[in-house]
Amino acid sequence: MRKILFSAGILCIATQLFSQSDSTAFFLQKGIEEKTKGRRLESVKHFERAYIFNKNDKQVVSELAAAYLDLRKYPQAKEKFLQLEKMGDQSDSTYRQVMLLSFNLRQFDETIKYASLLKKVRPAEQTAWYLGRSFYQKEDLGNAIKYLDIAAKENPANAEIPYTIARAYADMFNYKQSVSYFQKAIALNPTQARWIYEMALIYYAIPDEQNSLKYMLEAGEKGYKKDNEYIQNLATAYMNAGKHNEGINMLKEILQKRPSDINILNMLGEAHYDTKKYDEAISYYDKILEADKNNAEALYMIGMSFQKKGDKAKGQALCDKAIELDPSLQSLKQKKQMPGF
C-alpha cells in the first residue's frame, strides 16, 4: 500500500484553513447568541471577529450589515450591504436598505440609483418620495415635482411631500403655486410653525400683505422663535398691511438692542416719512449720517422730508447734493415727484 506523504507546508496550510473556517463559525455563532439575548454591542464584536477570519462569508456579512444598522452605524452598514450586492444578493431587501441608508446619509445620486433598482425588482415598492426628495436636493425641480406628485398619491398623509413641492415652486419664483402646497402641508401638520412662517414670506412675495401678516402672527403664536429677524419681518408685514404704528413700535424695540443698525434706522426713517411724520423721519436719517456721512440715500430722504415740511429751498439743495454723491438717485427723484406721491 502506498502512503500519501504531506509536506510540512501543505499541513500548515490545511491547518490554517481549518482554523479560519472554525474560527469564523465560532464567532458567528457567538454573535447570533448574543443577538438573541438582545446584547447588541457584544453581538457586533463577535460578528466583526468572524469577518476578520472570512470576509467572503455571506452570512457573516449579512449579520454584520444588520448589526451595524441596528446600532445606527449607517456608513458601516451601507458598506456591508453594498458588499452583499457584489456577492450576488440583488434582492429587494438589499436594494431597499442601500436606498434608505443613502437617503439618510444625504447621498442623493446613490439614493436615486438604488430606488430605481428596487423599483425594477419590486414594481409595487413605493420609492417616489425618496426619488422626489433626492431630485429636489439635486435642484432638478422638474423631476422632483414629477415624483413627489406620485408620492402624494402613494402616501397622502405625509405632510413633507406637499411641503417639498411648495419649496420647489418657491425656488422657481412660482409663488401662487407654492402657497397652495404650503396650505396643503400645513393642513396635514398644523403644528409646523416654521412652515407657517415660510408661507407668510411667500405671501409677502406674491404680494398679499394681509395674509402675510396673518400667518406671520400665527407662526409666532405656534412657537416660531421671535428673534430680531422675525420681529423685523413682522414689523414690515404690519406696515405693508397699513398698520404702521404696530410696525414702528416693533422696529424701535429692535433698535434698542441694535442702536447702530443702519437697516433698522432706514426702515424707521421710511416708516415715519410714509406716515407724514417728517421730523421723526429726519431724526432717523440723521443717525444714519452720523455713522456714514456719505450715505447719499439718507441725505436725499432728509431733503425730501424738508420739502414735504414746506422748506422747498433747503430740501431741494440737500437732494441735489445727494444726487452729486450718487447720480443713481436721479431716478428716485423722478419717482418721488410723480403725481399722487
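Values in this text are rule-based calculations from the coordinates and carry no lab data. Keep in mind that this is a model prediction, so the values were computed, not measured. We place every Cβ from the backbone using ideal geometry, glycine too, and count neighbours over all the protein chains shown.
Maximal additional length on extending the ASP274-SER21 stretch stands at 82.6 nm, based on 0.36 nm per residue less the C-alpha distance.
Computed extension gain for LEU41 through GLN210, at 0.36 nm per residue and net of the alpha carbon distance, reaches 55.2 nm. Helix 58-70 axis versus longest C-alpha principal axis of the chain: approximately 30°, rounded to the nearest ten. Measuring nothing but how far apart in sequence close Cα pairs (under 8 Å, 6+ apart) lie, relative to its length, the chain scores a relative contact order of 5 percent. Between ASP286 and SER93, the simple spin-label model (points 7 angstrom out along Cα→Cβ) gives 8.0 nm. Of SER21, SER93, SER43, the residue with the greatest mean-square motion in the GNM of the chain, using alpha carbon springs below 10 Å, is SER21. Between LEU105 and LYS176, the distance separating the two model label sites (each 7 Å from Cα on the Cα→Cβ line) works out to 4.5 nm. Put in line by how crowded their Cβ is, counting other Cβ atoms within 10 Å and starting with the fewest, VAL121, VAL60 read VAL121, VAL60.
Near VAL179: Cβ cut-off under 12 Å, other residues only, Lys/Arg at +1 and Asp/Glu at -1. The net charge is +1. State the answer as a single residue: which of ILE288, PHE27, LEU118 lies farthest towards the positive end of the charge dipole of the chain, with beta carbon charges of +1 for Lys and Arg and -1 for Asp and Glu, about the Cα centre. Value: PHE27.
Contact order, relative form, for the stretch 192-331: 12 percent (alpha carbon pairs under 8 Å, 6 or more residues apart, mean separation divided by residue count). Where only DSSP H runs of four or more residues are counted, the chain gives -24500 deg cm²/dmol as its mean residue ellipticity at 222 nm, each run worth -39500 (n - 2.57). Among the listed pairs LYS55/LYS119; LYS35/LYS73; LYS176/LYS252, those with a Cα-Cα distance over 22 Å are LYS55/LYS119; LYS176/LYS252.
Considering only alpha-carbon pairs that sit under 8 angstrom and 6 or more positions apart, the relative contact order computed for the stretch 260-341 is 21 percent.
Full extension of the segment from LYS309 to GLU79, taken as 0.36 nm per residue of separation minus the current Cα-Cα distance, would add 75.4 nm. Rounded, prolate or oblate: which fits the stretch 132-177 when a ≥ b ≥ c are the square roots of the eigenvalues of the alpha-carbon gyration tensor, with rounded for a/c under 1.5 and prolate only if a/b beats b/c? Oblate, because a/c is 1.5 or more while a/b does not exceed b/c. Dimensions of the chain along the principal axes, based on C-alpha atoms and rounded to the nearest Å, stand at 130, 44, 38, largest first. Highest mobility in the GNM of the chain, judged by mean-square fluctuation with C-alpha springs under 10 Å and restricted to ASN240, ASN104, ASN263, is found for ASN263.
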